[in-house]
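**Student:** This is the structure I have questions about; it appears just below.
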Amino acid sequence: NVKNDGRNGWAIYHVGMSQVLSATPGLLQDLSLALARAQFEVWYQPKYCAQRNDIVGFEALLRWRHPEQGILLPATFLPALEKTGLIMPVGNWMIDEACRQLQIWDQAGHPWTLAINLSPVQFEQPDIFFVVTESLRKYALQPARLIVEVTESSALKNLDRSVQLLNEFSKVGITVSIDDFGTRYSNMLMLNTLPAKELKIDKSFIKNMGHSESSTNVVATIINVARSMNMNVVAEGIETQDQLALLTTLGCSYLQGFLFSHPVPADRIQVLTEQQPAENKTIPVGIINTN
Ligand code: C2E
Ligand code: MG
Ligand code: MG
Ligand code: MG
């Protein structure tokens, strides 16, 4: 509830989040004005199809261009957005902006999908289905082009509501994806209950692959589970050629990570695709020089 998130939200925020933003006392006030000042941006990270060596779509990731601190990552401000309820207006803006960008790509002839992340508070947002479908309508986008990423933990916060909402998304043709899979309460029951078409293996497992046998086994198991349930599986956080080779051997269908590209502003995507000729049968690595 928006009203309840007002003053109480700020108070809770100060107690819980003091370490994160303590270096900058003005940051909290700045955050409440950031939307009106158009300081939020959507950056995009490509997702590759392992078989076709081709970009299949992008994940939209929120950035805050802070006037003094430069580009801030969600880890520094997303908890505050959640606790204050500001994630609702910011999230609504973000969904609209991402769909606007997808329309531009669509009109340029790119058949890409776009994945957006929904946080636990957005999940509870009563009009979230309307916000998402309205953006699709506004930009004349096929629902199949949109992927909604949710974590298991946010789905489990209110399982009835989650099943209902995700079924609504799924019914109109939007793809449901389970993000950060394997980290929390992962179980088969969950996968049977939610209408998910895609699993994203959490990057912590990808990072430990090769070093830890159990992580490699977890990755292999998730890939097999996904396959047996007819779901797409995405590995996130791929940083090395060794990880890529192992994932390819294990049969992972979709790939994402700094090895291919960092998330980048929309105006960098054109460069990315220009440097990826259709003839090229190897996945371009390091094609974007970021940060
Ligand atoms: P996520 O959805 O799991 O997104 C993946 C995160 O991993 C992104 O961090 C991405 O930049 C990072 N990443 C991608 N490839 C690599 C890699 O190879 N190595 C490493 N170490 N990291 C990699 P980011 O952008 O900081 O976002 C963090 C989280 O914030 C996201 O995790 C997502 O849960 C949340 N988030 C981001 N944007 C939004 C948004 O617009 N709305 C909502 N509700 N949540 C968002
Ligand atoms: Mg995600
Ligand atoms: Mg993830
Ligand atoms: Mg994550």
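**Student:** Mind checking segment 96-139 for trypsin sites (Lys or Arg not before Pro) that DSSP puts in a loop (not H, G, I, E or B) and that have at most 15 other Cβ atoms within 10 Å?
**Tutor:** none
**Student:** Show log10 I(q)/I(0) for segment 98-180 at q = 0.18, 0.22 Å⁻¹, two decimals, from a solvent-free Debye sum over equal Cα scatterers.
**Tutor:** Treating every Cα as an identical point scatterer, log10 I(q)/I(0) equals -0.72, -1.02.
**Student:** Any chance you could tell me what percent of the C-alpha pair distances in segment 26-92 go past 20 Å? Can you show the working numbers first?
**Tutor:** Working: 773 of 2211 pairs.
Looking at segment 26-92, the distances longer than 20 Å represent 35 percent of pairs.
**Student:** Please work out whether segment 131-283 counts as rounded, prolate or oblate from its C-alpha gyration tensor, where a ≥ b ≥ c are the square roots of the eigenvalues and a/c under 1.5 means rounded, while otherwise a/b larger than b/c means prolate and anything else oblate? List each step's numbers first, then the result.
**Tutor:** On the way: a/c = 2.06, a/b = 1.10, b/c = 1.88.
Taking the square roots of the gyration eigenvalues as a ≥ b ≥ c, segment 131-283 is oblate.
**Student:** Set the Förster distance to 22 Å, then compute FRET efficiency between Asp242 and Ser212 from the Cβ-Cβ distance, nearest 0.05.
**Tutor:** Result of the calculation: an efficiency of 0.95.
**Student:** Specify whether the C-alpha gyration tensor of segment 166-206 places it in the rounded, prolate or oblate class, a ≥ b ≥ c being the square roots of the eigenvalues: rounded for a/c under 1.5, otherwise prolate if a/b is larger than b/c and oblate if not. Walk me through the intermediate numbers first.
**Tutor:** Working: a/c = 3.55, a/b = 1.74, b/c = 2.04.
Note, shape of segment 166-206 comes out oblate.
Laboratory data are not the source of any read-out in this text; all were calculated from the coordinates shown. This is a predicted model, so every value here is computed, not measured. Quick reminder, even Gly has a Cβ in these numbers, built from the backbone with ideal geometry, and neighbours come from all protein chains shown.
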